[in-house]
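Below: one structure, written as structure tokens.
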Amino acid sequence: QVQLVESGGGLVQPGGSLRLSCAASGSTFNINLMGWYRQAPGKQRELVAAIANGGTTTYTDPVRGRFTISRDNAKNTIYLQMNSLKPEDTAVYYCNAVRVGRVDWGQGTQVTVSS
């Protein structure tokens, strides 16, 4: 099993920045892909960004050019640098780890963009 712990959420004004972290522990050796999802009130959980073992990244259109996903393999941690934040980015952000036959999730961290 993989345990995931997110941190870095909070309240920020529009146009501001936040950096989320997700630290993985446990059976991390066979993780193929890690990603960030978000879920706003009344909406379905959606993919924000993902990064594969080889470093390939993918982003959803609304965040491309504003958010950057990265990883530190030595720390088993991924990051989501969020710049130029908008009120519509307000959501609970979840980290996940994908292995063959299994997906593990973190508990989520709240990001609120408001003046």
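Net charge of the neighbourhood of Leu85, taken over other residues with C-beta under 15 Å away and scored Lys/Arg +1, Asp/Glu -1, is +3. Backbone phi angles across the stretch 80-97, fed through the Karplus curve with coefficients 6.51, -1.76 and 1.60 (θ = phi - 60°), yield HN-Hα couplings of 10, 7, 10, 10, 6, 5, 10, x, 6, 7, 4, 4, 8, 9, 10, 9, 9, 10 Hz in residue order; Gly and Pro are listed as x. Along the axis of the charge dipole computed for the stretch 43-115 (Cβ charges of +1 for Lys and Arg, -1 for Asp and Glu, origin at the Cα centre), the listed residues Ala74, Val113, Leu85 are led at the positive end by Ala74. Among the trypsin sites (Lys or Arg not before Pro) found in the stretch 4-98, those both in a DSSP coil and sparsely packed, with 10 or fewer other Cβ atoms within 10 Å of their Cβ, are Lys43. For the stretch 61-72, 3J(HN,Hα) computed residue by residue from phi via the Karplus equation (6.51, -1.76, 1.60; θ = phi - 60°) reads 4, x, 10, 4, x, 10, 10, 9, 9, 8, 9, 10 Hz, glycine and proline entered as x. Amide H contacts of Gly108: Glu6, Cys95, each under 5 Å away and 5 or more positions distant or on a separate chain (H built 1.01 Å from N in the peptide plane; Pro and chain starts excluded). Can you give the percent of C-alpha pairs in the stretch 19-88 whose distance is more than 17 Å? Cα-Cα pairs in the stretch 19-88 separated by more than 17 Å: 43 percent. Inverting the pair-averaged 1/r between distinct Cα atoms of the stretch 1-45 gives 13.0 Å as its Kirkwood hydrodynamic radius. Across the chain, the relative contact order, built from alpha-carbon pairs under 8 Å that are at least six residues apart, equals 38 percent.
Only protein atoms count toward the accessible area here, which uses a 1.4 Å probe; on the chain, the carbon and sulfur part of that area reaches 48 percent.
Per residue, the accessible area of the stretch 54-115 comes to 51 Å² when a 1.4 Å probe rolls over the protein heavy atoms.
Accessible area ranking (1.4 Å probe, heavy atoms, ligands and nucleic acids excluded), largest first, for Leu85, Leu11, Leu33, Leu18: Leu11, Leu33, Leu18, Leu85. Counting Lys and Arg as +1 and Asp and Glu as -1 over every other residue whose Cβ lies under 15 Å from the Cβ of Thr109, the net charge comes to +1. Couplings 3J(HN,Hα) for the stretch 36-52, derived from phi with the Karplus relation 6.51 cos²θ - 1.76 cosθ + 1.60 (θ = phi - 60°), are 10, 10, 9, 9, 8, x, x, 10, 6, 5, 10, 5, 9, 7, 9, 9, 8 Hz, where x marks Gly and Pro.
The values are calculated or read from the model by the stated rules, or taken from the named source; none is laboratory data. No experiment lies behind these values; they were computed from the predicted model shown. So basically every Cβ, Gly included, is an ideal-geometry build from the backbone, and we count neighbours across all protein chains shown. Note: areas computed on protein heavy atoms with side chains; ligands, DNA, RNA excluded. Shrake-Rupley method; radii C 1.70, N 1.55, O 1.52, S 1.80 Å.
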